[in-house]
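For reference, the structure discussed in these notes is given below.
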Amino acid sequence: MLAAGFVGIALLGAGLAVDAGAAAAFDAPKRLVVMVALVAAAACLLVGGDVRCGCPTGRRRVVGWALAIAWAWTIFATLVAPRGAIAWDGLRTLALFGLALPLGASAALDGERGRRVLWCFLAVVAVNALVSLAQSAGLELFGSVAITGRTDTGALLGNEGHLAQLTALALVVVVAVSIVMPVAGVRGLL
């Protein structure tokens, strides 16, 4: 399905898209790729109808109401914000990134497609971890980052804190997958 492919592109863009010649080498290219890919994936869902059907259960209703209340409060906070232009920009960004929730809850990531997206995520984290190790060994990729006084080990993510969080999340994913996998060989890799 195309939606899963666009989710994979969003993951690749979030982890690998960099404009080394720009002052903001990380934010703009990543945001552009992720937003375009998420909109394309959501459009594929709308056109393809790959959404779970059926009457909403009790849990689905609770989640739906919680999301509706959260969006209502977010819009209210945007309307009363003292810096309206910044708040509206943040709301537009949040709305586009909010497309990731229905994509993850759809049938677009079931089965093999979901495993491919998971492998894509793990590959992005592995590439960034290797680039970070190379940076800590002396490889200089982004001079503008080093000038700011921070350590230059953020890899292609641009921030070592983001790298640490993604690496920890990837470790949790690998442990969880290895626990539920019936193949003993996969467990042995850990």
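I want to confirm something. Restricting to the range 92-113 and keeping residues that are in contact with a helix residue (DSSP H, G or I) (Cβ under 7 Å, 6 or more places away or on another chain) and small (Gly, Ala, Ser), which single residue is surrounded by the most Cβ atoms within 10 Å (Cβ to Cβ)? That would be Ala108. What about Leu38, is it within 22 Å of the chain's Cα centre (by Cα), at pLDDT 75 or above and among the aliphatic types (A, V, I, L, M)? Yes; evaluated as a whole, the condition is true for this residue. Within the range 79-109, take every residue that is under 18 Å from the mean Cα position of the chain (by Cα) and part of a loop (DSSP other than H, G, I, E, B) and give me the one that is modelled with the highest pLDDT. Looking at residues that are under 18 Å from the mean Cα position of the chain (by Cα) and part of a loop (DSSP other than H, G, I, E, B), I get Gly98. Taking the criterion of being of a type in the set (A, V, I, L, M, F, W, C), surrounded by 12 or more Cβ atoms within 10 Å (Cβ to Cβ), assigned to a loop (DSSP other than H, G, I, E, B) and modelled with pLDDT under 70, the only residue of the range 142-190 that qualifies is Phe142. Number of residues in the range 8-28 that are at pLDDT below 70 and open to solvent by 60 Å² or more (accessible area, probe 1.4 Å): the value is 3.
The values are calculated or read from the model by the stated rules, or taken from the named source; none is laboratory data. This one's a predicted model, so the numbers in the text were calculated from it and none came from an experiment. Note that we place each Cβ from the backbone using ideal geometry, even for glycine, and neighbour counts take in every protein chain shown. Surface areas here come from the heavy atoms of the whole protein model, side chains and all, with no ligands, DNA or RNA. Shrake-Rupley method; radii C 1.70, N 1.55, O 1.52, S 1.80 Å.
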